[in-house]
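The values are calculated or read from the model by the stated rules, or taken from the named source; none is laboratory data. It should be emphasised that the depicted structure is a prediction, and the values quoted were computed from it without experimental measurement. In this analysis, Cβ positions are derived from the backbone assuming ideal geometry, glycine residues included, and neighbour counts consider all displayed protein chains.
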Amino acid sequence: MTRREEVISRLGAFGDELLEEIRKNEVPKMKVPQRGLNNVVFNPSTYILELGDKKSTRNYMNLAHTKKFMQSVLIAAKCKELVDRDKTASIRELYYQLKHAIAETKENTFEGQDESDPLIVDLETMLGVLREELHLKADDKGTIIGKITIEDSGDKIDCSKLGRSGLAIPSIVEHYKFSDVKADYVLVIETAAMFDRLVEEKYHINNNCIMMATKGQAARGIRRLVHRINTELNSQ
Amino acid sequence: MDVETTNVKERSADDLFKDFKEVSITEFFRKNKAHLGYSGKVRSLTTIIHELVTNSLDACEESGILPDIEVEIREIGSEHYRFLERDNGPGIPVEHISNVFAKMLAGTKFHRNVQLRGQQGIGVSGVTMFCQMTTGKPMRIKTSTGDGKVNAVKLMIDITKNSADIIEQTEYSEYWRGTEIEGEVKSVKFNLSDTGPYEYLKRTALANPHARIALIDPEGRKTVFERSVDVIPRPPESQKPHPKGIEVDDLVNLSKQTSANKISSFLVGEFSRMSSGKVKEIQELIGKEKREVKGQIVEVYKLDMNKSPRKLTWADCEEIVKAIESIKFLAPATEGLQPIAEDHITKAVLNILDPEFQFVLTRPPKVYSGGIPFQVEVALAYGGHAGRPVEGGMKAEIMRFANRSPLLFDAGGCAITEAVKDVDWKRYGIKEFDNSPITIFINLISTYIPYTSAGKQTVANEAEVVKEIKFALMDVARKFQMFYSRQRREGEKEARRQMLLKYGTELAEGLSRLSGKNPDAKKIYKDLTALIEEKIKLANELEMLEDADEENGAAIPLEAQADELIEGVTEEKEE
């Protein structure tokens, strides 16, 4: 079974479980791993923060959960469709595709993207699949500049030859291949303004480093890219 | 300054009294019109309607007729109105017409110790007077006792003689019974505020469920407050005064009028709850004195109870009243009190306010100030037409009545208002009393309502009265709370059901797409609906068990169990 088939089957099983509960006249429930700080464990071997075993139950009969429950199912169904057809959507697209008025009401299934985004993470943790495996991606966020060449889908991109703007970092960086890395260290900068200023001053050239801007809190693509550069290129 | 005093000339008594003359009745009226209800443009019009309607109601009741009253107010100029009031009462015998409509301080119920609406003796003559003062126009009266003869009279008040000045009088044949009064008035204003004639009539209809009252307002709209019950209230009986309420002046006056031969029989005969034993007690309390009888000094009672009451002096009466103060008497008889009765108020409230729910209570009679009987009736109506619509919502409305007569003015200083404000409504589940669709109806019944002023719009803060009103209100509030919380729970349950079902269609479609087995969305929705209904039914049953336990006095928090049953084991926690 390919990973893609595995994802489809997990999504289907998730739905069938709920259907079985309804059929048996039981209250449909889903168990979502808690993502609070009290359920985060640092794994020293992989050097990664991982979720613990604590779970909370989302229950359709509890009015506080009812809408979220329905929204989670809609997201899962949409993802299954995406994976089935081998298409990718951004999380914003997903929100717009699912947003519609509920029959006979003036209420929408989703009122804002802030309602759908956390539920996507819920789905990932619940099923043990990555967002990208659900064929969802976030918008590009963050920039990388410096003496590193990245190979993406057959193209070789030299990040030192992109002027002052650098390379925009997408949410999926797993397929990147690195070559020609000539830097003493990587400098990760939170603010875009400071990054631009340092580029202007040619800091990365003068100090022989790679610079990355996270533009606010680091998105997943940036974090994974930093992690990969750190673990894969550190020895060189 | 010293210089000036020398300039003052001495004046003789004749000179001083040169300017002394009798005050004319107009002047008296003008000076006292505020006390009589003729102050303010809206209030004056309401007072006119009040006087006419009150007269009609009293007349109908006393002659055993179900009142049918029509009021018409037409605007004929700026602050200039023509009004017409018509009843189906007994009619007024022709010889009495001038007394009723044109003689101040004359009436059938002045000086009767009886619970009636009006007592001032100004009444309809005041209306004639006010109209005459503002327009110079006479009143037109048509009345018939139902004998086929109708008397039509146009009259004014002859202010110098305080009697009727009949301008025109005709008699013609027509078969109906009742009285129709028509007049013109200026410097008044009609509006629909809570002090206007509309509100007055609405409240009068509420407190007089046996009356049918119609109003045609200046806009031509006709509002009919239909009769709610077909029972004419028993006419209240005149009561002998209770000794505790007597004053020296009253006692002196009564002693001059009585036909009794002895003081003892006078006291027993004129007052309620007075016995020969009590007379003896009074005599003892006044005490003895030494007196010379046939050359011998003997000790005798100061007051000889065998004396003729006509020989009672002011000093004697003072002694009697003083003695009465320290003697205990039975509480006065309450037959004179005439409550509207719970079932009648309920019918009127349903008829006129059409609320979602209402609670009515008539408390047993009580006594205030040591001897004046009174009784309190309250009603609480919620929803429907209860409350007063204001911009952006509803406001609570307090309807005050004294002997069925609405008190519309000066609500602020009234003991009834105070009592309502004093109740801690939050304790009874009414979070924002002032902004709730609530009407509070309070009828204070007494042979003597403790008004704060001659305006008769505010009840004085008598501790016993306020306490009684508060008790009555708390009682209905408790009943309201039980009903309301049940109602609210029902509402919440229904909202929950609606919400579960609302998201159900989306959930079913989502699941149908998500499942690998391609199931039918409609079938899923059907199963889901069945599940929801069953869980709600289960929760209801648990709740009923809980209610039963509550009523048995054992409050077991089964609600927690019910929640658990529906909501699963763990709660989702926010990150």
Name the single residue, out of those in the stretch A:83-104 being in a loop (DSSP other than H, G, I, E, B) and without any contact (Cβ under 8 Å) to a residue 24 or more places away in the chain, that is farthest from residue B:513 (Cα to Cα).
A:104
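Conditions tested, residue by residue: (1) among the aliphatic types (A, V, I, L, M); (2) under 20 Å from residue B:471 (Cβ atoms); (3) under 27 Å from the mean Cα position of the chain (by Cα).
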| site | (1), (2), (3) |
| --- | --- |
| B:314 | no, no, no |
| B:317 | no, no, no |
| B:333 | yes, no, yes |
| B:344 | no, no, yes |
| B:354 | no, no, yes |
| B:363 | no, yes, yes |
| B:377 | no, yes, yes |
| B:392 | no, no, no |
| B:396 | yes, yes, yes |
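Yes or no, residue by residue, for (1) away from every other protein chain (no Cβ under 14 Å); (2) in contact with a helix residue (DSSP H, G or I) (Cβ under 8 Å, 6 or more places away or on another chain):
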| residue | (1), (2) |
| --- | --- |
| A:113 | yes, yes |
| A:127 | no, yes |
| A:159 | yes, no |
| A:220 | yes, yes |
Matching residues, the stretch B:320-346, being out of contact with any Asp or Glu (no Cβ under 8 Å at 6 or more places or on another chain), crowded, with 17+ Cβ neighbours inside 10 Å and modelled with pLDDT of 85 or more:
B:320, B:324, B:344, B:346
Quick check: is even one residue across the stretch B:397-411 touching a Gly at 6+ places or on another chain (Cβ under 6 Å) and over 30 Å from residue B:273 (Cα atoms)?
yes
Restricting to the stretch A:30-54, and then to whatever is in contact with a Ser or Thr (Cβ under 8 Å, 6 or more places away or on another chain) and farther than 27 Å from residue B:504 by Cα, can you tell me which residue is farthest from the other protein chains (Cβ to nearest Cβ)?
A:47
In the stretch A:85-104, what residues are among the acidic types (Asp, Glu) and surrounded by 13 or more Cβ atoms within 10 Å (Cβ to Cβ)?
A:93
Taking residue B:502, is it at pLDDT 80 or above, within 8 Å of chain A (Cβ to nearest Cβ), in a helix (DSSP H, G or I) and under 57 Å from the mean Cα position of the chain (by Cα)?
yes
Residues of the stretch B:484-497 being exposed (fewer than 14 other Cβ atoms within 10 Å of the Cβ) and either at the interface with chain A (Cβ under 10 Å from one of its Cβ atoms) or not in a helix (DSSP H, G or I) (or both), which ones?
B:492, B:495
The stretch B:54-95, residues that are within 25 Å of residue B:410 (Cβ to Cβ) and either among the hydrophobic types (A, V, I, L, M, F, W, C) or not in a helix (DSSP H, G or I) (or both)
B:57, B:71, B:73, B:79, B:81, B:83, B:85
Being in a strand (DSSP E or B) and surrounded by 16 or more Cβ atoms within 10 Å (Cβ to Cβ) is the filter; apply it to the stretch B:153-165 and report the residue that is farthest from the chain's Cα centre (by Cα).
B:165
Of those in the stretch B:506-525 that are within 10 Å of chain A (Cβ to nearest Cβ) and of a type in the set (D, E, K, R), the residue surrounded by the fewest Cβ atoms within 10 Å (Cβ to Cβ) is B:517
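Let's see how each residue does on (1) surrounded by 13 or more Cβ atoms within 10 Å (Cβ to Cβ); (2) modelled with pLDDT of 90 or more; (3) part of a loop (DSSP other than H, G, I, E, B):
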position	(1), (2), (3)
A:68	yes, yes, no
A:74	yes, yes, no
A:81	yes, yes, no
A:106	no, no, yes
A:110	yes, yes, yes
A:116	yes, yes, no
A:123	yes, yes, no
Within the stretch B:334-357, is even one residue part of a strand (DSSP E or B) and in contact with a helix residue (DSSP H, G or I) (Cβ under 7 Å, 6 or more places away or on another chain)?
yes
Closer than 15 Å to residue A:27 by Cα and either touching an Asp or Glu at 6+ places or on another chain (Cβ under 6 Å) or of a type in the set (Gly, Ala, Ser) (or both) - does that describe any residue in the stretch B:507-526?
yes
Would you be able to tell me the number of residues in the stretch A:106-150 that are free of Cβ contacts under 8 Å to residues at least 24 places away in the same chain and closer than 30 Å to residue A:196 by Cα?
2
Starting from the stretch B:137-166, keep only residues that are within 18 Å of residue B:180 (Cα to Cα), then list their pairs with residues that are assigned to a loop (DSSP other than H, G, I, E, B) and among the small types (Gly, Ala, Ser) whose Cβ atoms are within a distance under 6 Å, requiring at least 6 positions of separation or different chains.
B:143/B:91; B:144/B:91; B:145/B:91
All-but-one check, residue B:459 against (1) hydrophobic (A, V, I, L, M, F, W, C); (2) within 14 Å of chain A (Cβ to nearest Cβ); (3) touching a Ser or Thr at 6+ places or on another chain (Cβ under 8 Å), failing number (2)
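Could you identify the single residue in A:83, A:27 that is within 8 Å of chain B (Cβ to nearest Cβ) and either within 26 Å of residue B:493 (Cα to Cα) or in contact with a His (Cβ under 9 Å, 6 or more places away or on another chain) (or both)?
One residue alone meets the criteria, A:27.
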Hey, any hits in the stretch A:214-222 for a residue that's charged (D, E, K, R) and either out of contact with any Ser or Thr (no Cβ under 6 Å at 6 or more places or on another chain) or touching a residue at least 60 places away in the same chain (Cβ under 8 Å) (or both)?
yes
Quickly run through the stretch B:1-53 and pick out the residues that are among the small types (Gly, Ala, Ser), under 24 Å from residue B:159 (Cβ atoms) and either at pLDDT below 70 or part of a loop (DSSP other than H, G, I, E, B) (or both).
B:24, B:34, B:37, B:39, B:40
With respect to residue B:368, is the statement that it is more than 30 Å from residue B:488 (Cβ to Cβ), out of contact with any helix residue (DSSP H, G or I) (no Cβ under 8 Å at 6 or more places or on another chain) and among the hydroxyl-bearing types (Ser, Thr, Tyr) true?
no
Return the residues of the stretch B:285-319 that are surrounded by fewer than 12 Cβ atoms within 10 Å (Cβ to Cβ) and assigned to a helix (DSSP H, G or I); say none if nothing qualifies.
B:311, B:314, B:315
Selection over the stretch B:402-456 where residues are within 18 Å of residue B:377 (Cα to Cα) and either part of a loop (DSSP other than H, G, I, E, B) or not aliphatic (A, V, I, L, M) (or both) yields a count of 20
